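Worksheet for the structure shown next.
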Amino acid sequence: MVKISSKNFKVPRPFLKWAGGKTQLLLELEKRLPQSILNSGIIEKYVEPFVGGGAMFFFLKRNYQVKHSILIDINPELILTYRVLQDDHLKLIDKLNDMEDEHLRKSEESRKENYYHIRSLYNRQMDVIDYDKYVPEWIHRAAYLIFLNKTCFNGLFRSNSNGEFNVPFGRYKNPTICDEVNLQYVHQALKKTELLCADFTRAEEFIEKDTLVYLDPPYRPLNSTSHFTRYSSEGFDDEDQMKLAKFYKKMDQNGSNLILSNSDPKNHDINDNFFDELYNGYNIQRVLAKRNINSKTSRRGEIKELIIRNY
């Protein structure tokens, strides 16, 4: 077991590579935190209704005193894995170490076979797993998810309309499947944290005056060829974006501090005012950020993204 030390920097950090992750946007988001938080270094209550890979949450836990946090996501696999890290991280680490040792001993062709074997087990298990009741099998499922994320093509989570993981094998020389030090820090970060598998509207019961709320929904596609919004089998379309804007306006009434990020449609069409109209009256700023998850390298690079605040 690797001992946690003050010399371990930049941890905790996301334990999964997640499409739409906010690592590239963190410093821009930090600049726009409420001044009271920047001055005191204390966040009394933090709510994130689309936690995903948790880049913003882990950044705040590294750099601020977060007294209480509520993390929500509609993806049951994701919340299951967070809960295993919260309750059984040592058993998960042991399982991942075993899987890593076995995988790295194999030839490339055998690794490929092993990957598809694990993917098949993971997808078959979906029909029998109880996502509402914590059982020992959750540890294996969380390990399968992390393994697939670290060894699949381009390192992302994607499921088909049936909820099955469908990313092909990725060719990596020595993938780190078990980042033991970071997983221990993730476990520490998840203390005093509530985890819920639910739609973003569930967050309403936790949001009150001075609560810091970060909303990072699946991004609106920039064009007709970039429809990667399927973090869950439900997807997230323009109607959902409008539903979220109504939720944002409702939460604005209770004195909470809201930060929302999304793609800027003006990258593709300068006349597309979808978000400018949807969040008219709020503080809308455009910042440069990198997008890294795309099968075509030519489509990766800096583009403008939106940060929308109610203060």
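Remarks
- Of Lys266, Lys10, the sequence from fewest to most neighbouring Cβ atoms within 10 angstrom is Lys10, Lys266.
- Rounded to 5, percent antiparallel among DSSP beta bridges of the chain: 50
- Charged side chains reduced to their Cβ positions (Lys and Arg at +1, Asp and Glu at -1) give the chain a dipole of some 1120 debye around its Cα centre.
- Shape call, the stretch 81-181: gyration tensor on alpha carbons, a/c limit 1.5: oblate
- Applying a threshold of 24 Å to the alpha-carbon distances of Lys112/Lys290; Lys17/Lys191; Lys22/Lys91 flags Lys112/Lys290; Lys22/Lys91 as lying beyond it.
- Counting beta carbons within 10 Å around each of Asp179, Asp272 and listing the fewest first gives the order Asp272, Asp179.
- Relative contact order computed over the stretch 81-181 (Cα-Cα under 8 Å; 6+ residues apart), in percent: 34
- Degrees between helix 76-87 axis and first principal axis of the chain (Cα, 0 to 90, nearest 10): 80
- Theoretical gain in end-to-end length, Lys246 to Glu302 [0.36 nm per residue, Cα-Cα removed]: 17.2 nm
- Neighbour-count ranking [beta-carbon atoms within 10 angstrom, fewest first] of Thr81, Thr201: Thr201, Thr81
- Taking the C-alpha atoms only, the angle from helix 137-151 to the longest principal axis of the chain is near 80 degrees.
- Between Arg124, Arg32, Arg220, the Gaussian network model of the chain with springs among Cα atoms under 10 angstrom shows the greatest mean-square fluctuation at Arg124.
Here, each number is a calculation from the coordinates, and none is a lab measurement. Predicted model only: the values in this text are computed from it and were never measured. Positions of Cβ are backbone-derived with ideal geometry, glycine not excepted, and every protein chain shown enters the neighbour counts.
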